[in-house]
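Below: one structure, written as structure tokens.
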Amino acid sequence: MTSIQTAILTPDTDGLRIAADVLRRGGLVAFPTETVYGLGADARDDAAVASIYAAKGRPSFNPLIVHVRDIDAVSHYCEMTKQAQKLASAFWPGPLTLVLPLKEDVGISKLVTAGLKTLAVRIPDHSVGQGLLAAFEGPIAAPSANPSGRISPTTAAHVVAGLSGKIDAIVDGGACGVGVESTIVDCTQSVPTILRAGGIPAEALAACVGETLVEPVDPAVPMSPGQLASHYAPKGTVRLNARYAEAHETWLGFGDVDAPFNLSPSADLTEAAAKLFEILHQLDAIGAAHIAVSPIPNHGLGRAINDRLKRAAAPRP
Ligand code: TXA
Ligand code: MG
């Protein structure tokens, strides 16, 4: 792949207008959402979507999430089930992705769905993401803006480090607030199923639909086609549930421990989610070869954090 000039755009009207023009020409634009930075392309343009896969080095069987402005746009592309309507009105805009039956002939590229008859959609809760959707006036397919398998980006600098020279532009909207990807819920079955833990905790989803959602038992078994076991990987090895660090390890702590890096000294899971990828990027930057991570409670946002850490610790292909 030949290297191209990656423009850094400001998150104002001018920057968003340029970004929308790039998308219209079939280019790739990274932009902030409340979860992580997405790598966007026009979801109706086969060639543009293909270039997302190429830039990320992403296996082509792995479908993408489509970002839209509002529920009207969701209903244009998908059948809204009853459960989906409840979840949508409670959590959109926000860090929730719904997998819904895709309507026929609505123009979404088959490369977006990898040939599935369902579509993963979400309405992001971020002024810059929303501004870009408004300026572009169309559906934006966007996976996280990182090389496939590596740590997700929560700042424009992370995107530059991973994808500079491979994408047309990055809209710099600062650090992402939530810090872990959206929760993915499959609403095509009678009981909704959580395909990926994320920014909306399972407890909040259950309270909304009035029943416990089905959850994957073993994160090593891929539920969502893209749930590869090894993912979110820093360059160093990762050891989980570490009560201390061995001499050769760098300790990534949680709570009141004497560690050089700490996801949240006050054991706040929201803070830990927001800092997770940033700290993993920092550990890469200092060349940490072995990382030992403190135990993280497995409730609320802790589930999304543990899901990402388990994949970061999984054997690499
Ligand atoms: O927060 C997020 O969700 C971020 C921001 C940019 O929106 N996006 C993101 O996308 O994390 P990505 O591509 O890294 O993850 C998308 C996941 C993959 O695991 C993929 O397999 C799953 O969504 N997915 C996409 N379409 C699907 C479908 N029709 N059925 C089941 N899973 C699907
Ligand atoms: Mg990703």
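A straight line joining the Cα centroids of the stretch 56-87 and the stretch 291-317 runs 26 Å. The modelled label-to-label distance for the pair Asp12/Arg24, using points 7 Å beyond Cα in the direction of Cβ, is 2.1 nm.
For n ≥ 4 DSSP H runs only, could you compute -39500 (n - 2.57) per run for the chain, divide by its residues and tell me the 222 nm figure to the nearest 500? Please list the in-between numbers first.
Numbers: 10 runs with 99 residues, N = 317.
-9000 deg cm²/dmol, from helical runs alone.
Pairs to check: Lys56/Lys103; Lys56/Lys310; Lys82/Lys310; Lys56/Lys275; Lys56/Lys82; Lys82/Lys166. Give those whose C-alpha atoms are more than 31 Å from each other in this structure. Before the final figure, lay out each step's value.
Numbers: Lys56/Lys103 28 Å; Lys56/Lys310 22 Å; Lys82/Lys310 33 Å; Lys56/Lys275 23 Å; Lys56/Lys82 35 Å; Lys82/Lys166 41 Å.
Among Lys56/Lys103; Lys56/Lys310; Lys82/Lys310; Lys56/Lys275; Lys56/Lys82; Lys82/Lys166, the Cα-Cα distance tops 31 Å for Lys82/Lys310; Lys56/Lys82; Lys82/Lys166.
Placing +1 on each Lys and Arg Cβ and -1 on each Asp and Glu Cβ, with no other charges, gives the stretch 1-145 a dipole about its Cα centre of roughly 400 debye. Think of the chain as a dipole: +1 on every Lys or Arg Cβ, -1 on every Asp or Glu Cβ, centred on the Cα centre; then among Gly149, Leu309, Leu132, Gly149 lies furthest on the positive end. Its Cα centre serving as origin, the stretch 78-188 has a Cβ charge dipole (Lys and Arg +1, Asp and Glu -1) of approximately 240 debye.
Please work out whether the stretch 19-124 counts as rounded, prolate or oblate from its C-alpha gyration tensor, where a ≥ b ≥ c are the square roots of the eigenvalues and a/c under 1.5 means rounded, while otherwise a/b larger than b/c means prolate and anything else oblate? Don't jump to the answer; show the numbers that get you there.
On the way: a/c = 1.78, a/b = 1.40, b/c = 1.28.
Here the stretch 19-124 falls in the prolate category.
The overall shape of the chain, judged from the alpha-carbon gyration tensor, is oblate: a/c is not under 1.5, and a/b is no greater than b/c. Less than 5 angstrom separates the built amide H of Ala292 from those of Arg239, Thr250, Trp251, Leu252, all sequence-distant by 5 or more or on a different chain.
Computed from the coordinates by the stated procedures, all read-outs in this text should not be read as laboratory data. This is a predicted model, so every value here is computed, not measured. Every residue, glycine as well, gets a Cβ built from its backbone with ideal geometry; the counts of neighbours run over all protein chains shown.
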